[in-house]
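Visitor: If you scroll down you'll find the structure; I have some questions about it.
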Amino acid sequence: MRRETGACFCGGIAAALDGEPFWICYDHDDDCRRAIGSPLTIWVGYRPKQFQLLRGTPKAFSETPGVTRTFCPDCGSSIGYSDEGLPDEFYVTIGFFDNPEGFRPQAHAYWDLRLPWIEFDDSLPRIDRYSRKRDPKFGNPRDR
């Protein structure tokens with residue numbers, strides 16, 4: 001069985017992820033851009049039961065309704081997010097993984113919110129909203 005590991009920049013938070021991720025996606029959304037501090041990120045989707053915390057206690061922050069982001073309380077490294085509108089899904093940012101080269105994105109989400117100077121020469125699907133079916137009762141970040 002595949003086992004991936006990851007840690008924050010200072011090493012205070014470490015985790016293992018068992019099994020295959022169900023979704024890997026570039027994200028160009030402005031909420032994530034602000035939270036991560038990067039022009040885009042790649043989210044790797046796992047089921048919460050696949051994520052095992054090995055060391056430390058992440059801090060949580062809720063911003064967009066239903067969305068909770070986790071990060072290291074010491075160095076600030078982003079770990080992941082959960083979304084009540086996407087039950088049984090937990091997304092880990094590519095920067096948390098010890099071996100990120102093993103995760104190839106399958107699509108671009110929030111393509112229409114990408115920064116205009118970001119260019120890609122790939123044939124991946126370009127989706128203007130969430131790339132996963134999200135419960136509409138939680139709204140959509142771009143409609144805030």
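The values are calculated or read from the model by the stated rules, or taken from the named source; none is laboratory data. The structure presented is a predicted model; accordingly, all values stated were derived computationally and were not measured. Glycine also receives a Cβ, built like all others from the backbone with ideal geometry; neighbour counts cover every protein chain displayed. Quick note on the areas: whole protein, heavy atoms, side chains included, nothing else; ligands and nucleic acids left out. Shrake-Rupley method; radii C 1.70, N 1.55, O 1.52, S 1.80 Å.
Visitor: Is one or more of the residues making up the stretch 61-72 more than 30 Å from Asp122 (Cα to Cα), open to solvent by 40 Å² or more (accessible area, probe 1.4 Å) and in a loop (DSSP other than H, G, I, E, B)?
Guide: The answer is yes; a qualifying residue exists.
Visitor: Can you work out which of the residues in the stretch 94-135 that are assigned to a helix (DSSP H, G or I) and closer than 28 Å to Ala16 by Cα is least open to solvent (accessible area, probe 1.4 Å)? Break it down stepwise before answering.
Guide: Pass one, the stretch 94-135, residues assigned to a helix (DSSP H, G or I): 94-96, 100-102, 111-113.
Filter once more, keeping what is closer than 28 Å to Ala16 by Cα: 94-96, 100-102.
On the way: Ile94: 35, Gly95: 64, Phe96: 2, Pro100: 51, Glu101: 144, Gly102: 44 Å².
Applying the filter and picking the extreme gives Phe96.
Visitor: Right, another one. If you check every pair at least six apart or on different chains, which have Cβ atoms under 9 Å apart with a residue in the stretch 72-84 that is within 13 Å of Tyr46 (Cα to Cα) first and a residue that is acidic (Asp, Glu) and open to solvent by 50 Å² or more (accessible area, probe 1.4 Å) second?
Guide: Asp83/Asp135
Visitor: List the residue pairs whose Cβ atoms are under 8 Å apart, where the first residue sits in the stretch 105-117 and is under 13 Å from Tyr130 (Cα atoms) and modelled with pLDDT of 95 or more, the second is part of a loop (DSSP other than H, G, I, E, B) and among the basic types (Lys, Arg), and the two are 6 or more positions apart or on different chains.
Guide: His108/Arg114
Visitor: Sort out for me the strands (runs of 3 or more DSSP E) sitting completely within the stretch 1-50 that have 1 or more residues that are of a type in the set (Asp, Glu).
Guide: Working: elements: 3-7, 14-18, 23-27, 41-46.
Result: 3-7, 14-18, 23-27.
Visitor: Further question on the same structure: If I ask for residues that are in contact with a helix residue (DSSP H, G or I) (Cβ under 9 Å, 6 or more places away or on another chain) and aromatic (Phe, Trp, Tyr), which ones from the stretch 83-128 would you list?
Guide: Phe90, Phe103, Tyr110
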